[in-house]
Structure formats: C-alpha cells, structure tokens
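The values are calculated or read from the model by the stated rules, or taken from the named source; none is laboratory data. No experiment lies behind these values; they were computed from the predicted model shown. Glycine gets a Cβ as well: all are built from the backbone with ideal geometry, and neighbour counts include every protein chain shown.
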Amino acid sequence: MGPSEPLQHLPAEIGVAEFDALHDEPGRWRGIVEAIAARYSAAPMVAAEEGTVLVGLVGRELVVKLYPPFLRDHCDFEAAVLARLHGRLGVPTPALVDRFEHQGWPGHVMTQLHGTPLDQVWGTLDEPTRCALLAAIGSLAAEVHALPVDGIAALAPRWPGFIERQRAGCLLRQTRTGLPAHLLPQLEAFVAGPLPAGPDVILTGEYTAFNLLVAPTPSGVVALIGMFDFGDGLVGPAAYDWLGPLCFLAAGDRARREAFFSGYGGARDADWPRLRVELLRLLLLHRYSNLPAQIACPGWQQAGSFESLVARVWP
C-alpha cells in the first residue's frame, strides 16, 4: 500500500511523526472514521483537518474523535471532562454521546456545537465588545474551576511531576520554537523561580480564540456561545488557564486584562507585579509553549531580559 492510499486497517503501533503525517492526509483515514460515524448516524461526514486527532463532523449533530494509542490518556481525560462540564456552565459544551475502541485506537462521539470561532472575528471587533467577551471568558473559566476534580485528577499527570518535566525540556523546546537567542542563556535560571500556586482545578487549557465560539445576539452584540476541545487538559493551579486569554486576547492591553479578571472574580492589581512574572514562567513551561505564536505584542522580541519582557507583555 502506498503512503497516500486509504487505510484499510489502523496500525497497531504508530509514532508521533507518523501520526502527524497521517493526520495531514484525510483521504487516508476518512473511510475508517466514516465507518465509525455510520454506527451513530446516517448523515454525511466531513473530515476535519484542524486539531490534533482524527475528527469527523457528522451532519450537524455529532462529532467523532479518534485518538492514536499514544494519546489514550488525552482521550480518557476529555471524555471525563465532557461529562463533568456538560450542563453545568453558563456556556454550552459538547455532550459525551458514547466511547468506543476501534482496532486498538480509542475514541468518543459527542454532540456538535455551532457558532463562529472567536479567532475568525476577533480582529473585526471594537474594544467594548472585546472587553465584554474577555469578561465572559473569565466568568466561564471561574465556573469550570469551581467544579470538583474528583475522578478527573487521576487521569492527568500530577502537577509537580508535570512541571519538573517541563523545566527539564524547556531550553530545548524554546530553542526549537524560536525564543530570541539573547534570552536563551537566561532561560533555565528564570523558569526555576516561583510559579503561581493555588488549589487543584480542572484546567482545559483552551480558553483561546481557537476553541471558543461566538455569535451575534438578536440585538447584534457578539456573545460567547460555546467552548470545546479538552483532550490536552490538566489538573493544577488556575493560573495555567489564564495564559490563553492574557496572551492571545489581552495582548498587553490593561483594560482587556482587567475585563478578564473582572469576569473571573476580581482584580489582581495588588499582587500583579509578582503574578505577572510567575505567569511568564508558566507560559515558558506550558505544554505547547511557543512564544512567537502566543505573544501578540509587537516588538516583544527586543526585550533584553525576561523581566523587561514581562513589562511589555503584561504592563
């Protein structure tokens, strides 16, 4: 079988690079996901090329997600979080319909949400609307963080061990992703410092514009109407989930930052000088840390130290 021909059977073993190549050729795996989807609906399926696993949109009602065996822990975590969140928040999240195993690959079926991804419209919105959305995102994060972690914590890496591994691989990752070369010699000493603390909460890691859905209300105001994608979540301090809104959306703007925290439950002005330094450390240690893609402040690469970078990113 050639590399571009449709798969007849999923490989029992597959590495990250091989899976990424498969993911990028939907024609190879579409038939397998369609066969799974047909168990649940007669509606046609569309293979979704975005995301990190194999996804099929089934009609307008369902979504099928198929995970490679090496991401079984992500599949288990997302299924548990879907069940925990659905119906408990002010913003809709998908409902878990079923879990399945196909040729040794885990997966699940969930309901499909509808709306416009926030990243597609963020650049067209005025400042009052952006601040209102950031307040809504803050409120949504607070609702999730108030839910119990029992039964979910066991499905995620323990936070201290996760941070230890992230620190150990930080220099290699930041070199590969393009952190400015003059900051690299300062990196390991900086990330060894204190991080934000707090009780364990469910961390979706997805309060970013890519996984939030919006739509206009009858009065024409753009409002938050959905959130999805929880496979790469964790359990740990709440600040980890603040990074997406504060980097991608607040982008160094104080009014936007204050809007997010007002929705979350209160200003952080008193401890902001300390907290913003700890947040930058956490950003550098994030599972998908990639500062050139995550920091939206022009000219941040010219910062001579991490302390001066903090002042640019979060004034």
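Among the conditions (1) under 17 Å from the mean Cα position of the chain (by Cα); (2) touching a residue at least 24 places away in the same chain (Cβ under 8 Å); (3) outside any helix (DSSP H, G or I), the only one that Ala79 does not satisfy is (3). When each of Arg274, Arg268, Arg281 is tested for being assigned to a loop (DSSP other than H, G, I, E, B) and either within 19 Å of Gly198 (Cα to Cα) or not assigned by TED's automatic domain parsing to the domain that holds Leu203 (or both), the lone residue that passes is Arg268.
Collect the residues in the stretch 96-118 that are in contact with a helix residue (DSSP H, G or I) (Cβ under 8 Å, 6 or more places away or on another chain) and over 29 Å from Ile14 (Cβ atoms), keeping them in residue-number order. Result: Leu118, single match. For the stretch 218-261, the set of residues classified as within 17 Å of Ala142 (Cβ to Cβ), part of a helix (DSSP H, G or I) and out of contact with any Cys (no Cβ under 9 Å at 6 or more places or on another chain) consists of Ala239, Tyr240, Asp241, Trp242, Leu243, Gly244, Pro245, Leu246, Leu249, Ala250, Arg257, Phe261, listed by residue number.
Filtering Arg88, Arg99 for residues that are under 25 Å from Gly226 (Cβ atoms), of a type in the set (D, E, K, R) and not in a loop (DSSP other than H, G, I, E, B) leaves a single hit, Arg99. Listed conditions (1) out of contact with any Leu (no Cβ under 7 Å at 6 or more places or on another chain); (2) surrounded by 17 or more Cβ atoms within 10 Å (Cβ to Cβ); (3) of a type outside the set (A, V, I, L, M); (4) closer than 29 Å to Leu96 by Cβ are all met by Phe162, apart from (1). Taking first residues from the stretch 47-60 that are not assigned by TED's automatic domain parsing to the domain that holds Gly231 and partners that are outside any strand (DSSP E or B) and among the hydroxyl-bearing types (Ser, Thr, Tyr), the Cβ contacts under 8 Å between residues at least 6 apart in sequence or on separate chains come to Val53/Tyr67; Leu54/Tyr67; Val58/Tyr40; Val58/Ser41; Gly59/Ser41.
Among the conditions (1) under 21 Å from Phe306 (Cβ atoms); (2) touching a residue at least 24 places away in the same chain (Cβ under 8 Å), Val235 misses just one, which is (1). Of all residues in the stretch 164-205 being in contact with a strand residue (DSSP E or B) (Cβ under 7 Å, 6 or more places away or on another chain) and part of a loop (DSSP other than H, G, I, E, B), which is modelled with the highest pLDDT? Among residues in the stretch 164-205 that are in contact with a strand residue (DSSP E or B) (Cβ under 7 Å, 6 or more places away or on another chain) and part of a loop (DSSP other than H, G, I, E, B), the one modelled with the highest pLDDT is Asp200. Residues considered: Glu50, Glu18, Glu25, Glu34. Of these, the only one that is of a type in the set (Asp, Glu) and within 20 Å of the chain's Cα centre (by Cα) is Glu50.
What residue, among those in the stretch 45-75 that are in a loop (DSSP other than H, G, I, E, B) and under 23 Å from Val16 (Cβ atoms), is modelled with the lowest pLDDT?
Checked the stretch 45-75; the qualifying residue modelled with the lowest pLDDT is Glu49.
Just to be sure I understand, how many residues within the stretch 142-153 are in a helix (DSSP H, G or I) and touching a strand residue (DSSP E or B) at 6+ places or on another chain (Cβ under 9 Å)? Total meeting the criteria: 3.
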